[in-house]
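S.K.: Dropping a structure here in structure tokens format, bear with me for questions.
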Amino acid sequence: MELQWQACNLCGADAPRLLYTIQEMSIRMCGKCGLVYVNPMPVAVNTESLYDAAYFDYYVMTAAINRRTYAGHLALIEKFALGKGRLLDVGCATGDFLDIAKSRGWEVSGVDISPAYADRIAKRLNVPITVGDFNKVHYPLESFDVVRMGDSIEHMLDPRGAVKKVFSILKPGGIGYVRTPDISHIMPRLVGKRWIQLKPFEHLYYFSRATMRRLLEEEGFYLLKMGSAGICCTLDMLRNRLEHYYNPRPLLKILDFFADTLRLGRARFYLDPLEEMQAVFQKPHHHDGLSVPEPMSCDYRKKTGC
């Protein structure tokens, strides 16, 4: 894999300090703006080795519960959207979010760097799916009412370019949504380099709320809402996640008792480990004097249906 030294994608500075070395890859923090990123960085994303069909096995296995999380994303977006129109899902994976959005009246399209599920999604939902790097795929200017980037911007070689592109393809007043790991919150501070989101071959960038806010606002967006982003979960999912990444034996014994002895493994609940953020943002209207919706209070847990 070819690596290349990169200046900061957010502010252009070129003197980052080393935070962690994981799997012989260096994760550094910009000394000027605080953006955390892999550096040196891969020159290109190796789609075949990273994002093959096996990569999506977990998404398929947990699809039923994940769909409740995605329904919450869409409910939040719909609080700010001007109406149901054209929606693009960037990093559409196995297509579950697209399926939900289509069933609720949106005209949907998807793009993903992996071809693993593209044909299956297109045939199952009868919607256009594009395979490729979002920054390189052509879309007409001002052609979407909503663009969602759910757990995808951290995988991109050029996140600023992606946000710039979202601005160009959104209609005036259109809504953007991003969900991504939040390196500034309590979980990464507590566990350090053992944080489960530190995957330097997959996750190339690690935003804080401050760096994400700066990126969105510098590219011309109004930030409407920013907060932590939890998930719908089951005891079995939580147990598998903890065992794989942290292996806290006393806690796992407690979960074993509830999941196996009491047979509550499939019990679902809302879990927010404070390790991911979500932001809703808006492209301004062309004309001065047209109103922009005020930031709204949204109880995300109620929106998920957990």
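The values are calculated or read from the model by the stated rules, or taken from the named source; none is laboratory data. Quantities reported herein were computed from a predicted structural model and do not represent experimental measurements. Heads up, the Cβs are rebuilt from the backbone with ideal geometry, glycines too, and the neighbour counts pull from every protein chain shown.
S.K.: What are the residues in region 64-77 that are without any contact (Cβ under 8 Å) to a residue 60 or more places away in the chain and more than 15 Å from Gly150 (Cα to Cα), if any?
M.R.: Ala64
S.K.: Can you go through Ser184, Ser168 and tell me which one is small (Gly, Ala, Ser) and closer than 29 Å to Tyr20 by Cβ?
M.R.: That would be Ser184, the only listed residue that is small (Gly, Ala, Ser) and closer than 29 Å to Tyr20 by Cβ.
S.K.: For region 227-241, how many residues meet the condition of being surrounded by fewer than 19 Cβ atoms within 10 Å (Cβ to Cβ) and assigned to a strand (DSSP E or B)?
M.R.: 2
S.K.: I would also like to ask the following. Kindly check whether there is at least one residue in region 40-55 that is closer than 18 Å to Asp119 by Cα and in contact with a Phe, Trp or Tyr (Cβ under 9 Å, 6 or more places away or on another chain).
M.R.: Checked against the condition, which is being closer than 18 Å to Asp119 by Cα and in contact with a Phe, Trp or Tyr (Cβ under 9 Å, 6 or more places away or on another chain), region 40-55 yields at least one hit.
S.K.: Does region 85-105 hold any residues that are surrounded by fewer than 16 Cβ atoms within 10 Å (Cβ to Cβ) and among the hydroxyl-bearing types (Ser, Thr, Tyr), and which are they?
M.R.: Ser103
S.K.: Here's something else I'd like to know. Could you please give the count of residues in region 215-226 that are in a loop (DSSP other than H, G, I, E, B) and either in contact (Cβ under 8 Å) with a residue 60 or more places away in the chain or surrounded by fewer than 15 Cβ atoms within 10 Å (Cβ to Cβ) (or both)?
M.R.: 2
S.K.: Right, here's the next one. Out of the residues in region 201-214 meeting the condition of being out of contact with any Pro (no Cβ under 9 Å at 6 or more places or on another chain) and part of a loop (DSSP other than H, G, I, E, B), tell me which one is farthest from Asp151 (Cα to Cα).
M.R.: Selected residue: Ser208.
S.K.: Does at least one position in region 138-159 carry a residue that is in a helix (DSSP H, G or I), of a type outside the set (Lys, Arg) and over 14 Å from the mean Cα position of the chain (by Cα)?
M.R.: no
S.K.: Sticking with this one: Taking helices (runs of 4 or more DSSP H) that do not extend beyond region 1-84, which have at least 1 residues that are surrounded by 18 or more Cβ atoms within 10 Å (Cβ to Cβ)?
M.R.: Because the criterion is at least 1 residues that are surrounded by 18 or more Cβ atoms within 10 Å (Cβ to Cβ), the helices (runs of 4 or more DSSP H) in region 1-84 that meet it are 63-80.
S.K.: Being aliphatic (A, V, I, L, M) and farther than 28 Å from Glu217 by Cβ, is that true of even one residue in region 147-164?
M.R.: no
S.K.: Filter region 107-150 for residues that are of a type in the set (Asp, Glu) and either more than 25 Å from Leu82 (Cα to Cα) or modelled with pLDDT under 95 (or both); which is surrounded by the most Cβ atoms within 10 Å (Cβ to Cβ)?
M.R.: Out of the qualifying residues, it is Asp112.
S.K.: I need the full set of residues from region 179-218 which are basic (Lys, Arg) and in contact with a helix residue (DSSP H, G or I) (Cβ under 8 Å, 6 or more places away or on another chain), in order please.
M.R.: Arg179, Arg194
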